[in-house]
Amino acid sequence: MEVVRSESGVRSEKIAAPVATVIARTKRFQVWFIRVCSSILLWTCLVQLLTVGELWHPSFMANTTVSIVKPPHHPPPLLPLRNYTSNGYLKVSCNGGLNQMRSAICDMVAVARLLNLTLVVPELDKTSFWADNSTFEEIFDVKHFIDSLRDEVRIVRRLPKRFNRKYGYRVFQMPPVSWSLEKYYLQQILPLFSKRKVLHFNKTDARLANNGISIDLQKVRCRVNFQALKFTPEIESLGYKLVRILQERGPFVALHLRYEMDMLAFSGCTHGCTKEEAKELKRLRYAYPWWREKEIVSKERRSQGLCPLTPEETALILLALGFDKDTQIYIAAGEIYGSERRLAVLSAAYPRIVRKEMLLDPGELQQFQNHSSQMAALDFMVSIASDTFIPTYDGNMAKLWKVTAGIVGLKRQSF
């Protein structure tokens, strides 16, 4: 019996040996497999972090004009020039209000970067309802604009003389197709520069798609908006003063009361207006051929939710949101249509309503009078610094505030 057990034990050892070897190899393979998977996962995370870090690196957000803290007096060191062979000159004319033109400038810089073009400092709209003859240099710091983008795109203040009309050169003008992708510009616009060294985009509103664009081009857009488009020292100085005055009086709401004449004429919203006012708004709509819709039924437009809140409705909304009558409200808007008559209900509910004209001396605003875009720049600075921002219409200003608050990290309220 002992011999049998011994032989049995020997046989068991011989059988167990290869099994143990297999198990050991399996464990080593598992450990190796786990290490490989972990390495792949770690490298993937690292690449993603580097990509995000590059996009939102502190230097990327430096010198942003929307910061409520005054930028440093000493300019940052110049970025290295991007070395590339330019395919031609791109001249652009922006149309619309300040925030629409701002968005267009971001798009056109991105297009110039994509096509390796030299961008001429953009022209601003001088033919719109506001009849504002402000130049780019009167609203934005043009030197900062050029220098802060020198590592992306070459920007010049004006076309070389050889391309001037007085020398017999005719610049080809065209409006790009709205909401276009990179493919359109690469395949249809770039070949035009082989025949014509200069192209003039005479319309720039929404000419580049918001989505479906490469991350590199989106980064260029962001750099333009949050770094390159810095207001002039004159605008910034007065904007900071407005913010300081308001903050010394306590927390404040920035109310973007979009109830101006141009807005009502364009949208066809006449609720609460007199018959004469409705006729006046219709005449204005017909006076501008680029406003496509002429015959608009106000009730239908209103029922579709496409009208701005009236001042009376705004008062109800503020009350419903819980703002008491002691709330300080800054109206970030132009002249309200119907003037004091339409503001009566809102002013009665909130007596601490203020405007920039009430907070500053007439002499301080004199240089900005009749320049709606420069006035809008002041309102933009105040809105960014507000404790609460309330737009009465989902337009360009509201969208830009939301993006700015998200990017800069403003811990403020918006409704």
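The values are calculated or read from the model by the stated rules, or taken from the named source; none is laboratory data. Since the structure is predicted, the reported quantities are computational estimates derived from the model, not experimental observations. All Cβ positions, even for glycine, are placed from backbone atoms using ideal geometry, and neighbour counts span all protein chains on display.
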Exercise. Which members of the range 181-236 meet the condition of being more than 23 Å from Gly96 (Cα to Cα) and hydrophobic (A, V, I, L, M, F, W, C)?
Worked result: Leu186, Ile189, Leu190, Leu192, Phe193, Val198, Ile213, Ile215, Leu217
Exercise. Which condition number does Gly322 fail, the rest of (1) on the phi > 0 side of the Ramachandran plot; (2) at pLDDT below 95 being met?
Worked result: (2)
Exercise. Of all helices (runs of 4 or more DSSP H) completely enclosed by the range 305-415, which ones contain at least 2 residues that are free of Cβ contacts under 8 Å to residues at least 60 places away in the same chain and not hydrophobic (A, V, I, L, M, F, W, C)?
Worked result: 311-320, 339-349, 362-365, 396-408
Problem set entry | Selected residue (criterion: nearest to Phe201 (Cα to Cα)) from residues of the range 172-181 that are outside any strand (DSSP E or B) and under 19 Å from the mean Cα position of the chain (by Cα) | Ser178
Problem set entry | Among the candidates Ala254, Ala265, residue that is under 24 Å from the mean Cα position of the chain (by Cα) and of a type outside the set (Ser, Thr, Tyr) | Ala254
Exercise. In the range 244-281, how many residues are hydrophobic (A, V, I, L, M, F, W, C), under 28 Å from Asp324 (Cα atoms) and crowded, with 19+ Cβ neighbours inside 10 Å?
Worked result: 6
Problem set entry | Boolean, Asp216 is outside any helix (DSSP H, G or I) and of a type in the set (Asp, Glu) | no
Exercise. Which of the residues belonging to the range 285-300 are surrounded by 12 or more Cβ atoms within 10 Å (Cβ to Cβ) and within 27 Å of the chain's Cα centre (by Cα)?
Worked result: Tyr288, Trp291
For this session: Return a yes/no flag: does the range 205-214 have any residue that is surrounded by fewer than 16 Cβ atoms within 10 Å (Cβ to Cβ) and either in contact with an Asp or Glu (Cβ under 8 Å, 6 or more places away or on another chain) or on the phi > 0 side of the Ramachandran plot (or both).
Result: yes
For this session: Just name the residue that is farthest from Ala104 (Cα to Cα) out of those in the range 219-258 that are hydrophobic (A, V, I, L, M, F, W, C) and assigned to a loop (DSSP other than H, G, I, E, B).
Result: Leu257
Exercise. When residues of the range 116-144 are filtered for being buried (at least 17 other Cβ atoms within 10 Å of the Cβ) and more than 20 Å from the chain's Cα centre (by Cα), how many remain?
Worked result: 8
Seminar exercise, completed: Residue pairs within 8 Å by beta carbon, gap of at least six or interchain, first lying in the range 140-167 and over 25 Å from Leu98 (Cβ atoms) and assigned by TED's automatic domain parsing to the domain that holds Leu217, second part of a strand (DSSP E or B) and not aromatic (Phe, Trp, Tyr), listed first then second, are Arg154/Thr118; Arg154/Leu119; Phe163/Val198
For this session: Could you check Lys294 against (1) basic (Lys, Arg); (2) farther than 28 Å from Ser372 by Cβ; (3) outside any helix (DSSP H, G or I) and say which number it fails?
Result: (2)
For this session: Would you mind stating whether Lys282 is of a type outside the set (Ser, Thr, Tyr), over 25 Å from the mean Cα position of the chain (by Cα) and in a loop (DSSP other than H, G, I, E, B)?
Result: no
Exercise. Do any helices (runs of 4 or more DSSP H) lying entirely in the range 98-171 carry at least 2 residues that are in contact with a helix residue (DSSP H, G or I) (Cβ under 7 Å, 6 or more places away or on another chain), among the polar types (S, T, N, Q) and on the phi < 0 side of the Ramachandran plot, and which ones are they?
Worked result: 98-115
